[in-house]
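Asker: Questions regarding the structure given below will be posed in turn.
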Amino acid sequence: MSKLIEQPRYSCALGVQQSVIAIHRAVPVVHAGPGCSTKIHGFLGQGEGYAGGSTIPCTNSSEAEIVFGGENKLRGVIHGAFKVIDADLFVVLTGCTSDIVGDDVGQVTREFQAAGKPVVYAETGGFKSNNYVSHDLIIKAIVEQYVDKFAADKTSVIPGLVNVFASVPYQDPYWIGNLQELKRILTGIGLTVSVLFGPESGGVEEWLSIPRAEFNIVVSAWPGLKSAQLLEAKYGTPFYHFPYLPVGGIETGRFLREVADFSSVDRAAAKAFIAEEERKFYTHIERTADFMLEFRYGLPRVFYTMLDASYAVGLAKYLLNELGILPAQTQYVVDNTPEEYRAAIVERFRTISSRRSANVEFVEDGGAIQEAIRLDKPAQRALILGSGWERDLAAELGADLLPVSVPITYRLILNCGYAGYNGGLRLIEDIYDRVLGTYR
């Protein structure tokens with residue numbers, strides 16, 4: 001039986017086009033019907049990257065391609081893209097129509113690969129999965145079809161070099177800021193960091209050094225894990241997994257200490273960097289102590305998360321253990337987490353602190369979650385960590401809303417992020433900015 005989902009929080013598999021445009025000088029070539037790419041860009045939002053938005057080459061498959069096949073049209077679009085777009089990598093992505101019809105996109109792409117062109121493909125028909133899943137799929141395609149072919153050296157390890165798999169670009173509205181902070185703090189403990197996506201990356205050239213990493217780092221509940229496992233199997237590269245976004249002093253310190261223990265960095269230098277970062281972080285917290293006490297009765301006392309698993313756990317730990325805001329009895333994870341990862345996430349919420357626990361429900365339907373929160377009727381001032389969909393709910397409950405998940409419709413995001421030490425401070429600013437904005 002089909003299932004209606006009200007207020008979706010992620011895209012279909014073709015949404016991975018946003019991961020492609022997050023790689024500098026990489027261009028998606030979409031083999032799909034008219035409108036698919038535009039709708040994805042409109043939903044996942046802000047920014048076009050090097051050649052995203054209306055620049056993306058697309059076959060705009062119509063009835064003719066469905067009846068007679070679209071391989072020739074795709075061939076022409078790829079050829080035209082090479083002629084008019086100056087890029088380092090082209091990534092062919094399929095939509096529902098081409099996957100249903102059965103176009104041999106791999107064969108078409110291999111013709112250009114045989115001619116030495118930097119082009120790869122992946123089958124991303126929207127009905128096959130979502131963009132969290134296809135994010136790993138596109139990394140696999142680039143590694144197997146591009147890196148394996150063009151990397152000059154795939155065997156000699158560079159000491160201290162790490163690849164970081166964290167935020168899914170654009171699906172995480174704060175992906176640029178999060179990757180910037182993760183790169184900053186990991187560099188601070190002595191590592192050379194490749195984040196692969198965004199302005200902190202060296203673009204396609206950086207991808208060619210993937211096989212030479214000493215180890216890989218996955219900072220998420222589950223997206224990125226399959227990529228790290230692929231690289232371990234293919235190149236023998238071990239990986240370290242931190243299963244949620246580290247936010248603030250406690251969890252960021254834990255993250256960095258564990259990475260330092262996993263790596264070959266100078267432990268004393270890493271320890272000194274962490275101590276200095278914690279000193280600066282808590283200095284800012286201490287100087288706001290009077291404000292926190294003065295306004296303690298007007299601040300949120302309870303919070304609800306309607307986020308993906310990485311954010312839900314990371315922000316919940318920070319809000320409870322460092323800001324003293326209590327979790328509502330039930331928290332909500334909205335990323336359609338695969339079954340094999342759910343038990344671990346449930347356990348993290350159960351042991352969110354030594355004195356508190358919370359239940360977690362895996363729900364994709366935003367309307368159902370909102371109705372559950374209405375029925376919960378929070379008696380104290382609440383903080384909702386959700387998306388633009390929750391604006392009316394927050395107004396109805398007199399709650400404060402911090403939009404963390406897509407769609408983001410009421411704020412512009414450039415390089416804001418919530419990861420790490422700086423992200424923890426920014427989160428405090430954003431929460432209390434909304435609180436103070438309610439005073440008249």
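Asker: Under 5 Å between amide H atoms, partner at least 5 residues away or on a different chain: which partners does THR94 have, H built in plane at 1.01 Å?
Answerer: Excluding prolines and chain starts, which carry no amide H, the hits are HIS31, ALA122, THR124, GLY125.
Asker: What's the local net charge at ARG184, with K and R +1, D and E -1, over the other residues with C-beta under 14 Å away?
Answerer: With Lys, Arg at +1 and Asp, Glu at -1, the neighbours total -1.
Asker: What is the packing order of peptides 331-338, 233-240, taking the mean over residues of other C-beta atoms within 10 Å and listing the highest first?
Answerer: 331-338, 233-240
Asker: Another question, if that's okay. Suppose every K and R has +1 on its Cβ and every D and E has -1 on its Cβ; what is the size of the dipole of the range 284-436 about the Cα centre, in Debye to the nearest 20?
Answerer: The dipole magnitude comes to about 480 debye.
Asker: Can you give the relative contact order of the chain as a percent, counting alpha carbon pairs under 8 Å and 6+ residues apart?
Answerer: Dividing the mean separation by the residue count of the chain yields 17 percent.
Asker: For VAL27, list long-range residues whose amide hydrogen, built 1.01 Å from N in the peptide plane, is under 5 Å from its own amide hydrogen.
Answerer: Under 5 Å from the amide H of VAL27 lie the amide H atoms of LEU89, PHE90, VAL91, each far enough along the sequence or on another chain.
Asker: Between PRO118, THR55, VAL133, whose Cα lies farthest towards the positive end of the dipole of the range 42-133 when Lys and Arg beta carbons carry +1 and Asp and Glu beta carbons carry -1, centred on the Cα centre?
Answerer: PRO118
Asker: Taking only C-alpha pairs under 8 Å that are 6+ residues apart, what is the relative contact order of the range 158-282 in percent? Walk me through the numbers on the way to the answer.
Answerer: Values: 180 pairs, mean separation 34.8, N = 125.
Value for the range 158-282: 28 percent.
Asker: What are the ³J(HN,Hα) values, in whole Hz, obtained from phi via the Karplus relation 6.51 cos²θ - 1.76 cosθ + 1.60 with θ = phi - 60°, for each residue of the range 318-333 in sequence order, with x given for Gly and Pro?
Answerer: 5, 4, 6, 7, 10, 10, x, 8, 8, x, 4, 4, 10, 10, 10, 10
Asker: Let me ask something additional. Just want the ordering: HIS24, HIS284, HIS41, from fewest to most Cβ atoms lying within 10 Å of their own Cβ.
Answerer: Least crowded to most crowded, the residues run HIS284, HIS24, HIS41.
Asker: Given contacts defined as C-alpha pairs under 8 Å and at least six residues apart, what's the relative contact order of the range 13-150, whole-number percent?
Answerer: Rounded, it is 31 percent for the range 13-150.
Asker: Just need the Rg to Rh number for the chain, please, alpha carbons only, Kirkwood Rh.
Answerer: We get a ratio of 0.98 for the chain.
Asker: Helix 420-436 versus the longest principal axis of the chain: what is the Cα-based angle in degrees, 0 to 90, to the nearest 10?
Answerer: For helix 420-436, the angle is close to 60 degrees.
Asker: May I pose another question? When the Karplus curve 6.51 cos²θ - 1.76 cosθ + 1.60 is applied with θ = phi - 60°, which whole-Hz ³J(HN,Hα) does each residue of the range 270-276 get, with x for Gly and Pro?
Answerer: Ordered by residue, 3J(HN,Hα) equals 5, 4, 5, 4, 4, 4, 5 Hz.
Asker: With the Cα gyration tensor of the range 13-150 in hand, give its eigenvalues times 5 under a square root as the equivalent ellipsoid semi-axes, listed largest first in whole angstrom.
Answerer: They are 19, 18, 15 Å, listed from largest to smallest.
Asker: Order of 131-144, 405-418 by packing, highest average Cβ count within 10 Å first?
Answerer: 131-144, 405-418
Asker: Angle, helix 105-114 long axis vs. longest principal axis of the chain, Cα atoms, 0 to 90°, nearest 10?
Answerer: Approximately 70 degrees, to the nearest 10.
Asker: Please provide three numbers in whole Å: the alpha-carbon extents of the range 184-313 along the principal axes, with the largest listed first.
Answerer: Projected onto its principal axes, the Cα set of the range 184-313 covers 56, 37, 26 Å.
Every read-out reported here was derived from the displayed coordinates using simple, explicitly stated rules and does not represent laboratory data. Worth saying up front: this structure is predicted, and the values here are computed from it rather than measured. We place every Cβ from the backbone using ideal geometry, glycine too, and count neighbours over all the protein chains shown.
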